[in-house]
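One structure is given here, and the rest of the page talks about it.
The values are calculated or read from the model by the stated rules, or taken from the named source; none is laboratory data. Fair warning: this is a prediction, and the values are worked out from it, not measured in the lab. Here Cβ is always computed from backbone atoms with ideal geometry, including for glycine, and neighbour counts include all displayed protein chains. All accessible areas refer to the heavy atoms of the entire protein, side chains included, with ligands and DNA or RNA removed. Shrake-Rupley method; radii C 1.70, N 1.55, O 1.52, S 1.80 Å.
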Amino acid sequence: MKSTNSVYRNEPVSRKEMLRILAVTGATLATGGLSAFSSPVQTTMLNRLIPSTKEKLPVVGIGTWQTFDVSGTAAHSELLQTLKAVHTAGGKLIDSSPMYGRSEEVVGTLTAESGLQNQFFYATKVWTRGREAGIQQMEDSMRKMKRSSIDLMQIHNLVDWKTHLETLKAWKAAGKIRYIGITHYTDSMHDELVEIISKVPLDFVQFNYSILARNAEKKLLPAAQDRGVATIINQPFAEGRLFSLVKGKAVPAWANENDMTSWAQFFLKFILSHPAVTCVIPGTSDPRHAADNMLAGHGRLPDAALREKMAGLIRTL
């Protein structure tokens, strides 16, 4: 297995600096203003390299499943603050899909209105059957997201993947998309994802992984690392089950001493401490939660011994 030590870098900030990032964001949100976001806190999130190009990608992004499928001024205002919190703390990747209702359109509208339209890494998906239907859906996605090109186009849940792959290759060659990927969200499909990335040249593979659901460690993460495929992690909180387990419990002192000041950071840093993980995409519509999630990409990551201590704690709950 190839080592990935050469394809990522950690530029830690102090615990004091991490708390300052959150404090700035929280204070701004509490007053209902956005002015602090116009001058982002100068700090560097951990980046890992996309193996196929060596482009740097911040390790924490944001997912939009359910959370961005909204309408109305109040909902849009909160989501705008959420996106600006992501940007302030160094996040970049926004993951969406036609499956997610209005999410693509909301992302496009808000990033355009915020003046940050070119500051994000836009990832969406094709989720239909048939070549022409796929082309139409992807063109619709680009229009909704207000993009002339998309950073990453993924084949959602492997739906008609062989058909869409040919279109994606052509679009990549033409410059309409920069990267090609495939996705799924269940352990039962990990073996198929392994088989595909072992035979087909792809830039990204997206799948589920968490401290509570570690099946990806058996074959999928090692295969991606071996084949030089970037990974995006969905369901990092095990669909909320992790927060149910720790409800009412304080983050252990030993976790605080290792740059994990919240349970969200605890869960996300466990994922990011696996060297084959490129980016994790927790979903939220809450600006404070987004800011907290982003802090997982700052400071130290757990070593092997600390990973097992963390996993052992969760097993006892």
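Within the stretch 228-242, can one find any residue that is in contact with a helix residue (DSSP H, G or I) (Cβ under 8 Å, 6 or more places away or on another chain) and among the basic types (Lys, Arg)? Show your work before the answer.
Here is the first cut: in the stretch 228-242, the residues in contact with a helix residue (DSSP H, G or I) (Cβ under 8 Å, 6 or more places away or on another chain) are 229-231, 233, 236-237, 242.
After this cut, where a residue has to be among the basic types (Lys, Arg) as well, the list is none.
There is no residue in the stretch 228-242 that is in contact with a helix residue (DSSP H, G or I) (Cβ under 8 Å, 6 or more places away or on another chain) and among the basic types (Lys, Arg).
Considering only residues that are in contact with a Pro (Cβ under 8 Å, 6 or more places away or on another chain) and surrounded by fewer than 16 Cβ atoms within 10 Å (Cβ to Cβ), which ones fall in the stretch 140-178?
140
If residue 101 meets every condition in (1) on the phi > 0 side of the Ramachandran plot; (2) of a type in the set (Gly, Ala, Ser); (3) touching a helix residue (DSSP H, G or I) at 6+ places or on another chain (Cβ under 9 Å) apart from one, which number is that one?
(3)
Out of curiosity, is residue 207 under 30 Å from residue 166 (Cβ atoms) and modelled with pLDDT of 95 or more? Give the steps one after another, and end with the answer.
Numbers: under 30 Å from residue 166 (Cβ atoms): yes; modelled with pLDDT of 95 or more: yes.
In short, yes.
List, please: which pairs have Cβ atoms under 7 Å, are six or more places apart or on different chains, and start with a residue in the stretch 55-80 that is touching a residue at least 60 places away in the same chain (Cβ under 8 Å) and of a type in the set (Ser, Thr, Tyr) and end with one that is open to solvent by 30 Å² or more (accessible area, probe 1.4 Å) and in a loop (DSSP other than H, G, I, E, B)?
Correct list of pairs: 67/285.
Considering only residues that are without any contact (Cβ under 8 Å) to a residue 40 or more places away in the chain and either of a type in the set (A, V, I, L, M) or touching a Lys or Arg at 6+ places or on another chain (Cβ under 7 Å) (or both), which ones fall in the stretch 210-257?
Listed by number, the residues that qualify are 213, 216, 220, 223, 238, 250, 251, 253.
If only one of 172, 218, 176 is at pLDDT 95 or above and out of contact with any strand residue (DSSP E or B) (no Cβ under 9 Å at 6 or more places or on another chain), which one is it?
Among 172, 218, 176, only 218 is at pLDDT 95 or above and out of contact with any strand residue (DSSP E or B) (no Cβ under 9 Å at 6 or more places or on another chain).
Can you tell me which residue within the stretch 179-209, out of those that are within 19 Å of residue 135 (Cα to Cα) and touching a residue at least 40 places away in the same chain (Cβ under 8 Å), is surrounded by the fewest Cβ atoms within 10 Å (Cβ to Cβ)?
Per the criteria, the residue is 179.
Please give the helices (runs of 4 or more DSSP H) falling wholly within the stretch 210-317 in which 2 or more residues are open to solvent by less than 10 Å² (accessible area, probe 1.4 Å).
Per the criteria, 220-227, 241-246, 263-272, 287-294, 304-315.
Has the stretch 62-73 got any residue that is at pLDDT 95 or above, in contact with a strand residue (DSSP E or B) (Cβ under 8 Å, 6 or more places away or on another chain), among the small types (Gly, Ala, Ser) and closer than 14 Å to residue 120 by Cα?
Within the stretch 62-73 (the criterion being at pLDDT 95 or above, in contact with a strand residue (DSSP E or B) (Cβ under 8 Å, 6 or more places away or on another chain), among the small types (Gly, Ala, Ser) and closer than 14 Å to residue 120 by Cα), the answer is yes, since at least one residue qualifies.
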